[in-house]
Amino acid sequence: MTTASMLTRVMRKPPTRWRSIIIHGFLILGALVMIYPLLWLASSSLKPANLIFSDLSLWPSKVRLQNYVDGWRGAALPFSTFFLNSFIISGLAVVGNVTACSMVAYAFARLNFIFKRTLFALMMLTIMLPLHATLIPQYALFYNLGWVNTFLPLTVPKFLAVDSFFIFLLVQFIRGIPRELDEAAVIDGAGPIRIYWSIILPLLTPALVTTAVFSFIWTYEDFLSPLVYLTSMDLYTVPQGLSLLMSSKGASSWGPLLAMSLLSLVPLFVVFFIFQRRLIEGIATSGLKG
């Protein structure tokens, strides 16, 4: 290596290093902006009610742990009831979406049947259909079935593959699995069900984890559907419990409300951090394969 090339290489390093520092600085600044509301929530949940909006510092001058006790017992029922209801509904939604959507996706991606393309196009069109457009017909249907004020309207449809987004996600992933595996299984005498269970399903794990995580998060934080179908307080979910806590005592419940809001985020963070690697893998591979 000549002296001139060595000098050129040395002179190029500082700009690259400074560019990296600037980029990381902007990323850190953006991360702080994004995480500030969460930090404010955690700080305000420990403050007395008269300091929540008057004291803007993230470090509370007075710590009031009683907010968590009042929030847990502040509604007509313990907040554990709302957590349990949310976990039941979200768990059944996860099982239903993972099971039903994977089978429908396998049919669209691998099997040949009449009107396959038409049905797939109609399924994709339902993604653009807003929930409010079907809310009244669905309520009328569930009311006539006697399902109102039960968990059935919130869980049974999940076992009928009603979430088109997850079907599309799984179809994209299955299309990236080599068909040679199916052909080899057919030579060994395997049918469609055996191929789905023994070949497709194990290779579908990253996309299934993505489906499960998003199903849990979206169902857990859903407020509208439980509000429409659940009328008994002992069936309320976490979002309804938070609204109940707010409406029961008004402005004096800000401390307990923020405390319970922070606790309600814990399951979401736990699920995300446990399945973070699989979640990113499932989204990335589903987007690249087609």
Taking placed amide H atoms and a strict 5 Å upper bound, the residues 5 or more places from Trp147 or on another chain that come that close are none
Debye, to nearest 20: dipole size of the chain, +1 on Lys, Arg Cβ, -1 on Asp, Glu Cβ:
1060
Can you work out ³J(HN,Hα) from phi for every residue in region 234-239, in order, using Karplus 6.51 cos²θ - 1.76 cosθ + 1.60 and θ = phi - 60°, giving whole Hz and x for Gly and Pro?
6, 9, 4, 9, 4, x
Tell me which label goes with the value of semi-axes √(5λ) of the Cα gyration tensor in Å computed from the coordinates here: (i) 40, 37, 15; (ii) 27, 23, 17; (iii) 31, 24, 16.
(i)
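For the chain, compute the number of Lys pairs whose alpha carbons are separated by less than 25 Å, excluding pairs fewer than 8 positions apart on the same chain.
On the way: Lys47/Lys62; Lys47/Lys249; Lys62/Lys249; Lys116/Lys158; Lys116/Lys289.
Taking the Cα cut-off of 25 Å, the pair count is 5.
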Read phi for every residue in region 137-147 and hand back ³J(HN,Hα) as whole Hz from Karplus 6.51 cos²θ - 1.76 cosθ + 1.60, θ = phi - 60°, with x for Gly and Pro.
x, 5, 5, 4, 5, 5, 5, 5, 7, x, 9
Using DSSP to call loops (not H, G, I, E or B), can you name the trypsin sites (Lys or Arg not before Pro) in region 62-111 whose Cβ has at most 12 other Cβ atoms within 10 angstrom?
Lys62
Test of understanding: in a Gaussian network model of the chain with alpha carbons linked when under 10 Å, which of Leu224, Leu145, Leu268 would top the mean-square fluctuation ranking?
Leu145
Once you've got the GNM for the chain with C-alpha springs shorter than 10 Å, pick whichever of Val95, Val186, Val33 has the biggest mean-square fluctuation.
Val33
If I model a spin label as a point 7 Å beyond the Cα along the Cα-Cβ vector, how far apart are those points for Ser232 and Arg194 in nm?
4.7
Using a Gaussian network model of the chain whose springs link C-alpha atoms within less than 10 Å, name the residue from Trp18, Trp72, Trp40 with the highest mean-square fluctuation.
Trp18
³J(HN,Hα) computed for each position of region 58-71 - Karplus, 6.51 cos²θ - 1.76 cosθ + 1.60, integer Hz, glycine/proline x:
7, 9, x, 6, 10, 9, 10, 6, 5, 4, 6, 5, 5, x
How far apart, in nm, are the 7 Å Cα→Cβ label points at Thr118 and Glu183?
3.1
Taking 0.36 nm per residue of separation and subtracting the Cα-Cα distance, what length does fully extending Leu203 through Phe273 add?
23.0 nm
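Bear in mind that the values in this text are calculations on the coordinates, not laboratory data. Since the model is a prediction, treat every value here as computed from it, not as a measurement. Backbone-built Cβ (ideal geometry, glycine too); neighbour counts: all protein chains shown.
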